[in-house]
Amino acid sequence: QVQLVESGGGLVQPGGSLRLSCAASRILFSIYAMGWYRQAPGKQRELVAVITSGLNTNNSDSVKDRFTISRDNAKNMVYLQMNSLKPEDTAVYYCNAARAKREHWGQGTQVTVSS
């Protein structure tokens, strides 16, 4: 079965940076749109950024100009570079692979932004 494994989360001070990684296996990675979502306590899961199979990217307004999504099809990896982090970025971040009606999720990695 498809596996998506996130890593790179942790505790960071406001203004700091983190790079999340997602390793995909048992999937024809290059044809999937890959995304990062997040869910804060008491809130719904929300889209953070997406990168299509054609390398088009889209960020949510809340992270635009601060976060950058990228992918390496040779390594079956997708990344989220997060800069200028704010306390409101605190959430569990999930990796997502989507194509047509198929969708797969990772288990998530916690990001905490606090001084």
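Every read-out reported here was derived from the displayed coordinates using simple, explicitly stated rules and does not represent laboratory data. The shown structure was predicted, so the numbers you read here are calculated from the model rather than taken from an experiment. When we count neighbours, we look across all protein chains shown, and the Cβ atoms used for this are built from the backbone with ideal geometry, even at glycine.
Place a +1 charge on the Cβ of each Lys and Arg in the chain and a -1 charge on the Cβ of each Asp and Glu, then give the dipole magnitude about the Cα centre in debye, rounded to the nearest 20.
Magnitude of the dipole: close to 280 debye.
Pull up all non-local amide H partners of residue 108: gap of 5 or more, or a different chain, and H-to-H distance under 5 Å with H placed in the peptide plane.
For residue 108, the qualifying residues are 6, 95.
Can you tell which of 83, 57, 40 lies farthest toward the positive end of the dipole of the range 33-115, using +1 and -1 charges on the Cβ of basic and acidic side chains (Lys, Arg; Asp, Glu)?
About the Cα centre, the residue reaching furthest to the positive side is 57.
Relative contact order (percent) for the range 1-54, with alpha-carbon contacts under 8 angstrom and 6 or more residues of separation?
29 percent.
Please list, in order along the range 22-39, the HN-Hα scalar couplings obtained from phi with the Karplus expression 6.51 cos²θ - 1.76 cosθ + 1.60 (θ = phi - 60°), rounded to whole Hz, x for Gly and Pro.
9, 9, 10, 9, 6, 8, 7, 3, 5, 8, 8, 6, 10, x, 10, 10, 9, 9
In debye to the nearest 20, how big a dipole does the range 59-110 give about its Cα centre with +1 on each Lys and Arg Cβ and -1 on each Asp and Glu Cβ?
Magnitude of the dipole: close to 280 debye.
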